[in-house]
Structure formats: structure tokens, C-alpha cells
Amino acid sequence: MRPRSDDFVVTGGRGFEVRLDSLEQAAAALSASSASLSNAEYALYSMRRSVEAGACDASGAAVQLDQETLRLEARARRAVDECLGAASSVRQAATAYADEESRRASAADGLQNLLIGSSAVPAFLRLLGAKGIGRDLDLSPESDGRTLARALRARHQGDIDGTPADLLVGPRVPVSAGTGDPSTYSYAVRSLRQAQGQEALDDGSTVPPSSILVERFTRPDGSVAVMVTVPGTETWAMDSLDGNLFDTEGILDGLASRESQTRSLIKQALADQNLGENDEVVFNCYSQGGIQVFGLLEDQEFRARHRVAAVTAVGSPVSAFDLPDEVPVLSLTNADDIVPAASARQIEPSGGLVNVRSPSRFDLVAKAQYPQVVVAQAHDLGNYARDATALDSSGSPAVIEHSASMGAALGVGASASRERFVYTGTDTRTNPGSKP
């Protein structure tokens with residue numbers, strides 16, 4: 001079934017933030033007006049009492065002024081009440097809007113949100129974890145997924161050699177630059193498929209395993225933007241014998257700590273690009289690749305060194321991380337993709353995050369009869385490519401705005417020159433097997 005953009009659930013984004021801010025500002029302005037009117041009412045009362053005390057009993061003007069002032073005081077009191085009532089209504093509208101956006105983001109229309117919205121994930125995490133993990137999950141301020149990753153990383157310490165610092169980065173390899181509009185979602189997912197080795201580059205070559213793609217755009221003013229494409233898991237070995245960084249070790253390190261070999265590879269690739277203070281970085285990431293990029297976004301030192309203009313994430317557990325509001329992130333997931341549920345935490349709409357959920361690809365009967373197929377197809381990058389094509393035609397302001405952010409950073413439409421490179425990393429201290 002080919003998805004349509006109007007079937008997607010889109011929540012959050014700058015528009016969401018602007019509407020909430022506007023409602024809060026309106027409520028604050030009404031409250032300030034009520035305070036001013038209340039002050040005016042008191043001033044009228046004080047003036048009336050002063051005139052009353054100083055005027056002679058026979059003064060017709062004083063009587064007229066007293067009556068007129070009383071009427072003005074009554075109007076001021078009514079205006080105060082109306083302003084306070086309006087402020088309360090506006091605040092209620094802001095709360096209702098935020099609640100509705102949150103409800104839409106967490107609507108249980110697929111396996112992903114059904115898992116997050118129930119006790120299934122915490123129970124499953126406790127089942128997988130070592131003894132005592134339940135207490136750690138209850139006490140940790142982090143998401144259940146990250147707490148579990150830390151426990152599992154410690155539990156498998158004997159199966160993993162070395163540290164995130166044990167990394168060999170090969171020389172950058174020039175490859176053919178991409179063609180097409182890099183601000184589109186279809187381009188982002190095509191780049192991910194190429195980095196994942198699922199699709200050939202434009203010159204027919206393929207990206208080797210354990211690699212990231214870096215596309216360099218030199219803008220007309222001489223400044224530079226780079227698009228870094230980070231693929232997902234390529235082997236489920238705990239510590240891959242061939243040194244592939246995108247293994248289970250990478251997942252656990254990426255969730256459990258601030259350091260990982262993939263993050264080191266990304267940092268070294270960016271350092272090699274010799275970016276200046278006016279240059280910008282755009283990320284595409286899939287599955288585990290999102291874990292690595294989101295961890296970098298949590299690092300203030302990294303953000304101070306590199307201006308991250310936008311991130312497009314596909315099938316990643318974005319809610320496991322505390323992302324900065326100033327970096328625009330669009331997260332595309334499928335309703336039945338359970339990988340984003342690894343955080344065991346609901347996504348809360350925000351101004352920095354646009355959450356896009358494509359509809360289920362299967363009916364309820366298929367989900368009951370073929371759950372493994374449903375889960376695999378929900379996370380499949382080829383299916384996400386079709387979602388991305390549909391997303392390019394979306395009329396959602398949040399989706400359009402994120403694409404515009406990417407286009408502005410990459411110099412789209414301004415004849416920016418393009419180069420592309422492959423950076424390959426190798427874990428030089430892989431464990432040849434479980435230790436006795």
C-alpha cells in the first residue's frame with residue numbers, strides 16, 4: 001500500500017511552539033490589562049473620596065462627579081472581571097491545545113505506541129536485564145531503554161574488548177556527489193540506503209560496511225555545509241569480529257554513555273572537513289545511527305564546535321534523549337516500528353521536534369498472524385523510502401518548515417557546488433569470542 005501524506009500523524013515543531021507562546025503571551029497581556037484596570041478603578045475611587053471630602057454639601061458639580069466616577073468604577077470592575085475571564089479562557093485553550101497535540105503524538109494506533117503506552121516494555125526490559133534491573137529502572141531519571149543499556153553493557157563487559165577510543169579511521173574516499181534536491185526527505189532516505197549498502201551510489205560503486213557518508217556543499221558566499229549520513233545496525237554481533245562499528249556494542253555504548261566509536265568517527269570526519277564558525281552541519285540518521293547522532297546533540301561541547309542546522313531521523317528512539325530545542329529535528333517512524341519504542345518513553349510535542357508517524361502497513365489480522373513480518377517491514381528502510389516520497393508532498397507546515405531549514409543550510413537553489421566522501425571506521429580491538 002503506497003502511503004499518502006495526509007495519512008501521516010504530524011505533531012510538534014516550531015508552529016506548535018509559536019501557537020503556545022502566542023496563547024501564553026495573550027493570556028499574560030490580558031492579565032496585565034486587568035491589573036491596569038484595577039489600578040484605574042482604585043484611582044477613581046481615591047479621587048471620588050478626595051472630592052467628597054473637600055466639596056461643600058451644596059455643590060452640584062461634586063454630586064455629578066461622584067455619580068459619574070461611581071459609574072466608571074463599576075465599568076472598570078466589569079472590565080477587570082472580563083479580562084481575567086478571558087485570560088483564564090486563553091490559558092485553558094493553550095492547555096487544551098498542548099494536551100490534544102500530546103494525545104495525537106501518543107495515539108495507540110500501532111505496535112510502537114501500544115508497547116510504549118503499556119507496561120509491556122518495562123516488563124520486557126526487566127526480563128532482559130540482570131537481577132535488580134527493575135529497581136534501577138524505577139529510580140533512574142533516564143528512559144528505561146538507556147538504563148537497561150547501561151546495565152547490559154556492564155553485564156557483557158567480558159564479551160567486549162577495548163573502549164570507544166579504540167578506533168581506526170581510514171582516509172576519506174571521494175565518491176560521486178549525489179544528484180537531486182538534498183532538502184527533500186526522499187534524498188535523505190536514499191542517502192541512508194546508500195550508506196547502509198542497500199543502494200549503489202550515482203557512479204555505481206557501493207559504500208563499504210562500517211562507514212558514514214559526508215556530502216560537502218560549498219555555498220555561493222564561500223561558506224560550507226556538510227550533510228552527514230549515519231546508517232543503522234549492520235550486524236547483531238556483540239563485538240563484531242570484522243571490526244564493524246555498527247554492531248550491538250555500538251547500540252549499548254550509544255544508549256549507555258556519551259562516547260561511542262561511531263560518534264568518534266563522526267567527530268573525526270567533521271574535523272577532517274575543516275569547518276569554520278559560519279559553516280553548518282545537517283544529519284541524516286537511521287535506527288542506531290539516530291542513537292549516535294542524538295547523543296552528540298546532548299553534548300554541549302559538540303554543539304559549541306559545530307552548528308547543527310537540522311536532523312532528519314528515521315526509525316530511531318528519539319524520545320530516549322533530551323534534545324536541545326534550538327536544533328530542528330524531524331523524526332519519521334512507522335506506527336508498527338518497535339525500534340523507536342526502545343526508549344519506553346512517550347514523545348512529548350515540542351518546538352524543536354517534528355514527530356511524523358506513518359500509518360500501519362498491515363491490517364489487524366496480519367499483525368496477529370505474522371507479527372515478525374509486520375515488525376520487520378515496519379522498520380524496513382525501503383518502506384521508509386516510500387514514506388519519505390509521500391512526505392515530500394505533505395502540506396503540513398511543520399514538515400515543510402523542516403525541509404526549508406535543510407534547504408537553507410545546504411544552499412539549495414543557489415548553485416552550491418557538491419563533493420562527497422566515505423569515511424570508514426574499524427574497531428581495532430574486537431573480542432574474538434566470549435572469554436572463559
Task: Whole-number D in µm² s⁻¹ for region 242-368, Kirkwood Cα-pair radius fed into Stokes-Einstein, 37 °C, 0.692 mPa s - done: 212
Task: region 224-304: GluC sites (Glu not before Pro) in DSSP loop, at most 16 other beta carbons within 10 Å - done: Glu259, Glu277
Open item on the list: For region 295-353, what does the accessible surface come to per residue with a 1.4 Å probe? Please give it in Å².
Closed with: 30
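At 1.4 Å probe size, with the rest of the protein present, what percent of the exposed accessible area of region 158-264 is carbon and sulfur atoms?
56
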Task: Accessible surface of region 310-392 [probe 1.4 Å, protein heavy atoms]: carbon and sulfur percent - done: 57
Open item on the list: Could you work out how much longer the chain between Thr218 and Gln157 gets when fully extended? Use 0.36 nm per residue separation minus the Cα distance between them, nm to one decimal.
Closed with: 17.6 nm
- [ ] Pop a pseudo-label 7 angstrom from the Cα along the beta-carbon direction at both Ala96 and Arg429 and give the gap in nm to one decimal.
- [x] 6.0
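The values are calculated or read from the model by the stated rules, or taken from the named source; none is laboratory data. Remember, it's a predicted structure, so these values are computed and weren't measured experimentally. Cβ: placed from backbone, ideal geometry, glycine included. Neighbour counts: every protein chain shown. All accessible areas refer to the heavy atoms of the entire protein, side chains included, with ligands and DNA or RNA removed. Shrake-Rupley method; radii C 1.70, N 1.55, O 1.52, S 1.80 Å.
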